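Asker: Input: one structure, supplied below.
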Amino acid sequence: MLSQLTEPASIALAQQLQSAAVLWTGQPDQPPVTTSFVQQGSGSPPILLLHGFDSSLFEFRRLLPLLAEQSATWAVDLLGFGFTDRQVGLASGLSFSPNAIKTHLYSTWKTLIQEPAVLVGASMGGATAIDFALSYPEAVQRLVLIDSAGLRAGPALGKYLVSPLGYLATAFLRNLKVRQKISLNAYHEPSYASPDALCCAALHLQQPGWRQALVSFTQSGGYGSFQQQLGQLQSKTLILWGRSDRILGTADAERFQQAIVGSQLAWIEDCGHVPHLEKPQETALAIRKFLA
């Protein structure tokens, strides 16, 4: 599908895709996981971009170059997602749970960055960033949550997602018409749901173990609610939210601000669930102001 990419930002990101061997358990006697990432720019503070559910680092094809103008910026594929290898975990009987994702992400941070970073998490990536910041505050300089999950628990149905239901559910998600409908709902301006956008959203679907890892993550329960722990966050936090988010709505933006001590809330106008794709210039400017 790479040959179907047409947007210069998408093509450029595909050409810069790299991988690193990362210890997903943190134990040197376990085989490493080949972890995909893109790195651009130089300067401090380093920025680490975390994508949403059943997505990949291609989410940040427009935002990453803008942030990299002033800071060393990484976009990584989380354990069980994107182009990061799933086969080692599946062979080891690993549950692709939030805890496994967090452990792998810490190893990724130690491998690639090794200094306190600004975590930028979008949607489910926001929940990942919160979980990581609560567990490893020494690795997080600041926190940016973009239309973030993490205030409400995921659906309990996932725990019962076993074959053949798991196969049917993932076959549904693999359907390009379904993915296009989700994409249309994520944007405020429908024209952003272009053929290139659909291609970017589907590139990782052919990765070995995609279905098994997605079912495993869903069966683990996914990310629950961090509402009771948000007051424990030590990192200064910026909450960015699309004013027209139809995926998570807008009420959680102010709930996050109230729960996270000293946090800032910035609205992205005329924007849906994915400001980093729909309004990358405004999103980058808000992040730069926050870091300044």
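Asker: Starting from the stretch 117-135, keep only residues that are on the phi > 0 side of the Ramachandran plot, then list their pairs with residues that are of a type outside the set (A, V, I, L, M, F, W, C) and modelled with pLDDT of 95 or more whose Cβ atoms are within a distance under 7 Å, requiring at least 6 positions of separation or different chains.
Answerer: What qualifies is SER123/GLY52; SER123/ASP147; SER123/SER148; SER123/HIS273.
Asker: What tally of residues in the stretch 247-284 results from selecting those that are in contact (Cβ under 8 Å) with a residue 60 or more places away in the chain and farther than 23 Å from PHE226 by Cβ?
Answerer: 8
Asker: Kindly check whether there is at least one residue in the stretch 58-65 that is without any contact (Cβ under 8 Å) to a residue 60 or more places away in the chain and closer than 27 Å to ILE182 by Cα. Break it down into steps so the answer makes sense when it comes.
Answerer: Start the filter on the stretch 58-65 by keeping residues that are without any contact (Cβ under 8 Å) to a residue 60 or more places away in the chain, which leaves 64-65.
So of that shortlist, the ones also closer than 27 Å to ILE182 by Cα come out as 64-65.
Within the stretch 58-65, one or more residues are without any contact (Cβ under 8 Å) to a residue 60 or more places away in the chain and closer than 27 Å to ILE182 by Cα.
Asker: I'd like the full set of residues that are touching a residue at least 24 places away in the same chain (Cβ under 8 Å) and out of contact with any Phe, Trp or Tyr (no Cβ under 6 Å at 6 or more places or on another chain), limited to the stretch 22-39. I'd like the intermediate steps shown before the answer.
Answerer: The first filter runs over the stretch 22-39 and keeps only residues touching a residue at least 24 places away in the same chain (Cβ under 8 Å), leaving 22-26, 30-39.
Within the stretch 22-39, VAL22, LEU23, TRP24, THR25, GLY26, GLN30, PRO31, PRO32, THR34, THR35, VAL38 meet the criteria.
Asker: Which of the residues spanning the stretch 85-119 are β-branched (Val, Ile, Thr) and either under 16 Å from ALA20 (Cβ atoms) or touching a Lys or Arg at 6+ places or on another chain (Cβ under 6 Å) (or both)?
Answerer: Hits for the stretch 85-119 are VAL88, THR103, THR108, THR111, ILE113, VAL118.
Residue by residue, here is whether (1) under 28 Å from ALA286 (Cα atoms); (2) of a type in the set (Gly, Ala, Ser) holds:
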{"site": "SER42", "(1), (2)": "yes, yes"}
{"site": "SER71", "(1), (2)": "yes, yes"}
{"site": "THR84", "(1), (2)": "no, no"}
{"site": "LYS102", "(1), (2)": "yes, no"}
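Asker: I would also like to ask the following. Looking only at the stretch 179-202, which residues are in a loop (DSSP other than H, G, I, E, B) and within 18 Å of THR250 (Cα to Cα)? Steps first, answer last, please.
Answerer: At the first step, the residues of the stretch 179-202 found to be in a loop (DSSP other than H, G, I, E, B) are 187-189, 193-194.
The answer is TYR187, HIS188, GLU189.
Asker: Okay, next question. Looking only at the stretch 83-133, filter to residues that are among the aromatic types (Phe, Trp, Tyr) and assigned to a helix (DSSP H, G or I); which one of those is nearest to GLY221 (Cα to Cα)?
Answerer: Of the stretch 83-133, the ones among the aromatic types (Phe, Trp, Tyr) are 83, 96, 106, 109, 132.
Subset that is assigned to a helix (DSSP H, G or I): 106, 109, 132.
Numbers: TYR106: 21, TRP109: 25, PHE132: 17 Å.
Only one residue tops the list, namely PHE132.
Asker: Among (1) free of Cβ contacts under 8 Å to residues at least 60 places away in the same chain; (2) among the polar types (S, T, N, Q); (3) closer than 25 Å to GLN206 by Cβ, which single condition is SER55 missing?
Answerer: Of everything listed in (1) free of Cβ contacts under 8 Å to residues at least 60 places away in the same chain; (2) among the polar types (S, T, N, Q); (3) closer than 25 Å to GLN206 by Cβ, SER55 misses just condition (1).
Asker: Among (1) crowded, with 20+ Cβ neighbours inside 10 Å; (2) over 24 Å from THR128 (Cα atoms), which single condition is LEU184 missing?
Answerer: For LEU184, the exception is condition (1).
Asker: Any residue in the stretch 189-198 that is within 18 Å of the chain's Cα centre (by Cα), under 20 Å from SER97 (Cβ atoms) and surrounded by 14 or more Cβ atoms within 10 Å (Cβ to Cβ)? Please lay out each step first, then the result.
Answerer: Taking the stretch 189-198 as the starting set, the residues that turn out to be within 18 Å of the chain's Cα centre (by Cα) are 197-198.
From what is left, the residues that are under 20 Å from SER97 (Cβ atoms) are none.
Within the stretch 189-198 (the criterion being within 18 Å of the chain's Cα centre (by Cα), under 20 Å from SER97 (Cβ atoms) and surrounded by 14 or more Cβ atoms within 10 Å (Cβ to Cβ)), the answer is no, since none of the residues qualifies.
Asker: Right, here's the next one. Residues TRP241, TRP267, TRP210: which one is at pLDDT below 95 and of a type in the set (Phe, Trp, Tyr)?
Answerer: Checking each option against the conditions leaves just TRP210.
The values are calculated or read from the model by the stated rules, or taken from the named source; none is laboratory data. Just so we're clear, the structure is a prediction, and the values are computed from it rather than from any experiment. So basically every Cβ, Gly included, is an ideal-geometry build from the backbone, and we count neighbours across all protein chains shown.
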